[in-house]
Amino acid sequence: MITVELAKTLRDAGLRWHPATGDRFVIDKPGVDDDVYTVSEMTVERHDHPSGTILGFNGTTEWALDSVTADESLWLPREDQLRELLGPAFVGLTRMASGDRVVHTVTATIDGVDRTFAAADPAVAYGEALAAYITHALA
């Protein structure tokens, strides 16, 4: 899973979230961004209103919460979502193991040049590649 810091980098680069079932998120406020929630019909429901999307909390798990707006939440995209968002820029993923250490490298074509992004977690490598891709595309 990507870090909150990388999720903020992606959001700040221009990635927009349209909550869907299965999406993970944190509440984007200091002191409460440690708990990861998942959008689902049972626990956290998406409610679309003309004024914006509200994420409503149901049940006892989130007893202290009623709802938060999507703008108050920070999406933590999954590995498959990050790969999908890279689209045609995605070239490949490699895995290299050396003793106890494993490094995943994502290759993406950005501005006609293949660039590599390495991390222990493949989702982080995808996230870093996507952040670079979005930043370049919007520059």
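The values are calculated or read from the model by the stated rules, or taken from the named source; none is laboratory data. Source: prediction; values computed, not measured. Here Cβ is always computed from backbone atoms with ideal geometry, including for glycine, and neighbour counts include all displayed protein chains.
Summed over segment 94-120, the residues that are under 24 Å from His136 (Cβ atoms) and assigned to a strand (DSSP E or B) give a count of 16. When we screen Asp12, Asp35 for residues that are more than 14 Å from the chain's Cα centre (by Cα) and not in a strand (DSSP E or B), the only hit is Asp35.
Scanning segment 15-32 for residues that are assigned to a loop (DSSP other than H, G, I, E, B) and touching a residue at least 12 places away in the same chain (Cβ under 8 Å) returns Leu15, Trp17, His18, Pro19, Ala20, Thr21, Gly22, Asp23, Asp28, Lys29. A single entry from Thr105, Thr38 fulfils the requirement of being of a type in the set (Val, Ile, Thr), more than 18 Å from Ile134 (Cβ to Cβ) and modelled with pLDDT under 90: Thr38. Got a number for residues in segment 83-139 being of a type in the set (D, E, K, R), more than 24 Å from Arg16 (Cα to Cα) and free of Cβ contacts under 8 Å to residues at least 24 places away in the same chain? Matching residues across segment 83-139 total 3.
Specify the residue that is modelled with the lowest pLDDT; the eligible residues are those in segment 51-81 that are touching a strand residue (DSSP E or B) at 6+ places or on another chain (Cβ under 7 Å), among the hydrophobic types (A, V, I, L, M, F, W, C) and assigned to a loop (DSSP other than H, G, I, E, B). Out of the qualifying residues, it is Leu65.
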